[in-house]
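Here's the structure, in structure tokens; my notes come after.
The values are calculated or read from the model by the stated rules, or taken from the named source; none is laboratory data. Every value quoted in this text rests on a predicted model; they were computed, and no experiment measured them. Positions of Cβ are generated from backbone atoms using ideal geometry, with glycine treated the same way; all protein chains shown enter the neighbour counts.
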Amino acid sequence: MIDSGYKLKITPELKDFKIFHKNNLFFIKIRDNDLLNSRVGVVVSQKNTRLATKRNTIKRLIYRFFQENKAFLDNFSPPSDFLVIIMSTSFNIKEYKNILIQKLNNAISI
């Protein structure tokens, strides 16, 4: 799991984010922070995914992805907050996992 210093707390007053990357599964929003490192937050709407177990699986998958690619967060300049918002989860979770990882790799390689 990703260290707590890299985890963005999801609160209703998250504002001033600009779209960093967008595709049919998710979009990533970004804003500068005043910390020494970048942080990641994940939002999976109950409207899109009814079961909490699926929402939590998707969140863990995304946090694990950023844990494995921690160099991206450490080297991103200036340090920023990344908010990953999942838009569609209509796939089987096993198929979704592979597609999501591939699209996240494409997003951070820009």
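For the reader, a short list of remarks on this structure follows.
- Breaking point among (1) surrounded by fewer than 17 Cβ atoms within 10 Å (Cβ to Cβ); (2) closer than 15 Å to LEU104 by Cα; (3) β-branched (Val, Ile, Thr), for ILE62: (1)
- Being modelled with pLDDT of 85 or more and farther than 22 Å from ASN105 by Cα is a condition met by no residue of segment 17-29.
- Which numbered condition ASN69 fails, given (1) within 10 Å of the chain's Cα centre (by Cα); (2) free of Cβ contacts under 8 Å to residues at least 40 places away in the same chain: (1)
- Among the residues of segment 1-15, those that are free of Cβ contacts under 8 Å to residues at least 60 places away in the same chain, more than 11 Å from the chain's Cα centre (by Cα) and not in a loop (DSSP other than H, G, I, E, B) comprise SER4, GLY5.
- Hits in segment 17-49 - residues which are over 14 Å from VAL84 (Cα atoms) and surrounded by 10 or more Cβ atoms within 10 Å (Cβ to Cβ): ASP32, ASN33, LEU35, ASN37, ASN48, THR49
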